[in-house]
Amino acid sequence: MHLDLLDYGGPGAYLRQRAVNSASATVEVTAKLANDTPRASRVRVRAVITDADGRTARDVSSEPVPLAPWTRAAHTLPMRISAPRLWRGRGDPHLYRARIEVHDADTDQLLDGITLPLGLRTFEFSATDGFALNGSPLPLRGMNRHQGRRDEGFALTRADHEQDFALMHEMGVNALRTGHYPQD
């Protein structure tokens, strides 16, 4: 029994923000579960969200989830975080960490787990008002980036990437469009 890594190459766990404001945030944690054994089992899904300092913002466990032999299932846990610290881009890049675990429901043995970053924020685009982050207007200043350098091609070093982003920061760039291929 484990998180399903065959879910289109994903991590087997997903976070979806349903409602976020400075008073509270509602997050749905979905665990894609897999039972790759010939016996039926029961698991419990646990999700723990901690802030950047490691303090627990929310800790929720599910009721036992039955899994038939050789099956896949999804289980969603709704979570509410009071007075969240919102992610505000470069102004305050605060990230929570969401630890999603699968436990044997009868023995409480940890079977699998993953930790995902979580930035709580809202955004919207308006034809008249432009872009807004957490309800505040944020003019976008963007550019396009192709990863590559003379005599290096796509084999950029970490220092090359850092230099590119330092130049973009100096130029006031806060929105980036990458080329048509995955970049490092």
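Of note:
- Computed helical MRE - 222 nm, the chain, DSSP H runs ≥ 4 contributing -39500 (n - 2.57), nearest 500: -2500 deg cm²/dmol
- Of the listed residues ARG55, ARG42, ARG90, the order by accessible area with a 1.4 Å probe, largest first, is ARG90, ARG55, ARG42.
- Packing-based ranking, highest mean first, of 24-32, 92-100 given that Cβ atoms within 10 Å are counted: 24-32, 92-100
- C-alpha center-to-center spacing [the stretch 1-48, the stretch 117-184] in angstrom: 29 Å
- Relative contact order computed over the stretch 65-121 (Cα-Cα under 8 Å; 6+ residues apart), in percent: 31 percent
- The stretch 1-60 shape via C-alpha gyration tensor axes, a/c threshold 1.5: prolate
- Accessible area of the stretch 91-184 divided out per residue, in Å², using a probe of 1.4 angstrom: 67 Å²
- For the stretch 9-90, chymotrypsin sites (Phe, Trp or Tyr not before Pro) are listed when DSSP marks them as loop and at most 16 other Cβ atoms sit within 10 Å of their Cβ; the list is TRP70.
- Between helix 158-171 and the chain: long-axis angle, C-alpha atoms, 0 to 90°, nearest 10: 60 degrees
- Radius of gyration and Dmax over the Cα atoms of the chain, both given in Å: 20.4, 59
- Fraction of accessible area attributable to carbon and sulfur, the chain (%, probe 1.4 Å): 52 percent
The values are calculated or read from the model by the stated rules, or taken from the named source; none is laboratory data. This is a predicted model, so every value here is computed, not measured. Every residue, glycine among them, receives a Cβ derived from its backbone with ideal geometry; neighbour counts consider all protein chains shown. Heavy atoms of the whole protein, side chains included, go into the accessibility calculation; ligands, DNA and RNA do not. Shrake-Rupley method; radii C 1.70, N 1.55, O 1.52, S 1.80 Å.
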